[in-house]
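*Asks:* Below is one structure. I have some questions about it.
The values are calculated or read from the model by the stated rules, or taken from the named source; none is laboratory data. Given the structure is predicted, the values throughout are model-derived calculations rather than measurements. Here the Cβ positions follow ideal geometry from the backbone for every residue, glycine too, while neighbour counts run over all protein chains shown. In case anyone asks, the SASA skips ligands and DNA or RNA and just uses the protein heavy atoms, side chains included. Shrake-Rupley method; radii C 1.70, N 1.55, O 1.52, S 1.80 Å.
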Amino acid sequence: PEFANISAAGVAVFVELREGEAKEVYDLAKSNAAEVQPVDGIGDEAYWDSILNTMQILSGKYEISIDVASEEGRDQVAAAKAIGSKAIAGLP
């Protein structure tokens, strides 16, 4: 199964109320991140914070935060990216 290595995941979606607000939320989260690893191929911009096991994705007027817990040695970034792709596909 696609998410067999995930023991827990949380997804939060922020929808901007005014133009540029989602980018502001994304940039704020990025500036407060402990360790930023850019992630390509998802949204307009994305990064992984390996300290918090969280992926932040900016996609248009949405800022998406994905928290992932998995068994040791599993690829949390790939799992978060797969979850994020499904989340983006489901947005209006």
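*Asks:* Check GLU45: other-chain or 5+ apart residues with amide H under 5 Å from its amide H, H built from backbone geometry?
*Replies:* Hits under the 5 Å cutoff: LEU58.
*Asks:* How large is the accessible surface per residue of the chain, computed with a 1.4 Å probe and reported in Å² as a whole number?
*Replies:* Averaged over the residues of the chain, the accessible area is 58 Å².
*Asks:* Please find the FRET efficiency linking ASP75 to ILE51, where r is the Cβ-Cβ separation and R0 is fixed at 22 Å, and quote it to the nearest 0.05.
*Replies:* 0.85
*Asks:* Which percent, to the nearest 5, of DSSP beta bridges fully inside the chain are antiparallel?
*Replies:* Counting only bridges with both partners in the chain, antiparallel ones make up about 100 percent.
*Asks:* Give me D for the chain in µm² s⁻¹, whole number, from Stokes-Einstein with Rh from the Kirkwood sum over alpha-carbon pairs, 25 °C and 0.890 mPa s.
*Replies:* 186
*Asks:* Give me the percent of the accessible area of the chain that comes from carbon and sulfur atoms, probe 1.4 Å, all protein chains in place.
*Replies:* Reported share for carbon and sulfur atoms: 51 percent.
*Asks:* If you plug each phi of segment 38-52 into the Karplus form 6.51 cos²θ - 1.76 cosθ + 1.60 with θ = phi - 60°, what whole-Hz ³J(HN,Hα) values come out, in order, with x for Gly and Pro?
*Replies:* Rounded to whole hertz, the list is x, 10, 8, x, 8, x, 7, 6, 7, 8, 10, 10, 6, 6, 8.
*Asks:* Per 10 Å bin, what percent of the C-alpha pairs of segment 18-70 does each bin hold, from zero upward?
*Replies:* 27, 57, 15, 1
*Asks:* Next up: Which whole-number percent gives the relative contact order of the chain, counting Cα pairs below 8 Å spaced six or more residues apart?
*Replies:* So the answer I get is 32 percent.
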